[in-house]
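The structure appears below as structure tokens.
Where a number appears in this text, it was derived from the coordinates with a stated rule and is not lab data. All figures in this text were calculated on a predicted structure; none of them were measured in a lab. Ideal geometry is used to build each Cβ from the backbone, glycine not excepted, and the neighbour counts take in all protein chains shown.
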Amino acid sequence: MPSIETSSNLIERSSKNHRNSVESSSKLHRNAINQNPVELHRNLIEKLLKICRINFQTSLSSITPSSILYTISILTLLMFF
């Protein structure tokens, strides 16, 4: 059974992680609100293409139908964003 001090540290660390997560999320949200919608959309597509390019380069030999469908579904969702 964990000691009281360990539990206290765990609660404190969890609270700190949650606070950091909320602050980070709020910052991203504020940045998204302040951006032009076209600029935001372009940035999202650039990030997605960068991720796809990295994945494509690292796993060229392991392309599967599910990975192709996953990429197509993400691109389709971005079109309607």
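Figures for the structure shown
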read-out: Cβ-defined net charge surrounding residue 39, 13 Å radius [Lys, Arg +1; Asp, Glu -1]; value: +1
read-out: Sorted peptide list for 20-30, 41-51, criterion being average Cβ within 10 angstrom, highest first; value: 41-51, 20-30
